[in-house]
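Below is one structure; the comments refer to it alone.
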Amino acid sequence: MSTCTKCDEEAVITREYEGRSLCEKHFSIDINKKIKRTIRKHNLVESGDTIAVGLSGGKDSAVMLEQLVEIFGERPDVEIVAIAVHEGIDPYRDESIGAAEELCEQLDVRLEVGRYEDYYDLKMDDVADTGELGNCTYCGIMRRDLLNKLSREVDANKLAIGHNLDDEAQAIMMNHLKGNMQKLARMGAMSDSDTHEMFVPRIKPLLDVREKEIALYSRLHDLGVIDRCPHVQEGSLRPMVKSFLNKLEAQMPGTKNKIVSHGRDLSDIVDESIDWENNVDDIQECERCGEPCSNDVCRKCQLLEDIRSD
């Protein structure tokens, strides 16, 4: 077993992409520094902010909430509120909501839970495997919609999501494969804040932290980890891209960091080359639910209609 590069204690991790090992203490300090650096570099949190933290009960969101409380918990000018979505997946989501409630109690953070059953009059358990687009597509669209609603309901001006470095690398590759230059141009640590007043801008404090290191930090600090969703369907693009990048990383350490770094540079170039006024539909309000969208009827309402018509 290797020893910590900074002291003589036993290392809990060896970063091959950096060529150094860290003990539990210095690893935890380093994770905190990375998150602070990301927040500072991209100006993710400002005085007067109310941050809604999307909490799933899993490792990413649990670590994110714990770190945001550690960094901003004593500041009277920044408020942190946790929000969680119950999709109606039992007992999987019941257990994760329980873990979220326990964490929020430990950290003295208010938690608001929104349920598909209350907002959309359905549960994912009842509609799983019935749609043509796949469970994750239906659930993801409704989840994003409800997180945005909950953020507004708690008067948050920013929504923090547990999007890590691996997620970013995967998204960059997926946008390349799909040829989606608009999404590639809009990637980064914070989403656009001027598209519509009803869209709560999303921030990604974990953007520069690897998924593997978040998992290690969560184990060392006994933070929430939940099982895989029972309705996840195989064969979608993201799992294939994730597996491919993991294999590349194993053979060439640092690959994911390079993809994210070059992806950000390319995003800036693409952003400057796009005529946004002529390439993006005007944002309006859905004629059915009133949520912002680019068509007369939002994607969520279209999918709900498809589900109910089956």
- Message: What's the total number of residues in the range 145-162 that are without any contact (Cβ under 8 Å) to a residue 60 or more places away in the chain and either within 22 Å of Ser243 (Cα to Cα) or among the small types (Gly, Ala, Ser) (or both)?
- Response: 0
- Note on the structure: Of the conditions (1) open to solvent by 60 Å² or more (accessible area, probe 1.4 Å); (2) under 24 Å from Thr195 (Cα atoms); (3) of a type in the set (Val, Ile, Thr), the single one that Ile141 does not satisfy is (1)
- Query: Give me the pairs: first residue in the range 73-102 and in contact (Cβ under 8 Å) with a residue 24 or more places away in the chain, second residue part of a strand (DSSP E or B) and of a type in the set (Asp, Glu), beta-carbon distance under 8 Å, and six or more apart or on different chains, which are they?
  - Reply: Val81/Glu112; Ala82/Glu112; Ile83/Glu112; Ala84/Glu112
- Selection from the range 62-97 of residues that are open to solvent by 10 Å² or more (accessible area, probe 1.4 Å) and in a loop (DSSP other than H, G, I, E, B): Gly73, Glu74, Arg75, Pro76, Asp77, Val78, Asp90, Pro91
- Query: When you look at Lys258, is it modelled with pLDDT of 90 or more, in a helix (DSSP H, G or I) and either within 20 Å of the chain's Cα centre (by Cα) or loosely packed, with under 12 Cβ neighbours inside 10 Å (or both), yes or no?
  - Reply: no
- Query: For the range 34-59, what are the residues that are touching a Ser or Thr at 6+ places or on another chain (Cβ under 8 Å) and in a helix (DSSP H, G or I)?
  - Reply: Lys59
- Task: Scan the range 98-121 residue by residue and report those that are open to solvent by less than 40 Å² (accessible area, probe 1.4 Å) and within 19 Å of Ser218 (Cα to Cα).
- Result: Gly98, Ala99, Ala100, Leu103, Cys104, Val109
- Note on the structure: Filter the range 171-201 for residues that are modelled with pLDDT of 85 or more, part of a helix (DSSP H, G or I) and open to solvent by 10 Å² or more (accessible area, probe 1.4 Å); the one that is farthest from Gly254 (Cα to Cα) is Lys178
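The values are calculated or read from the model by the stated rules, or taken from the named source; none is laboratory data. Predicted model, so just to flag it, every value in this text is computed and none were measured. Using ideal geometry, Cβ is built from the backbone for each residue, glycine included, and neighbour counts are taken over all protein chains shown. Just so you know, the surface numbers come from the protein's heavy atoms only, side chains and all, with ligands and any DNA or RNA stripped out. Shrake-Rupley method; radii C 1.70, N 1.55, O 1.52, S 1.80 Å.
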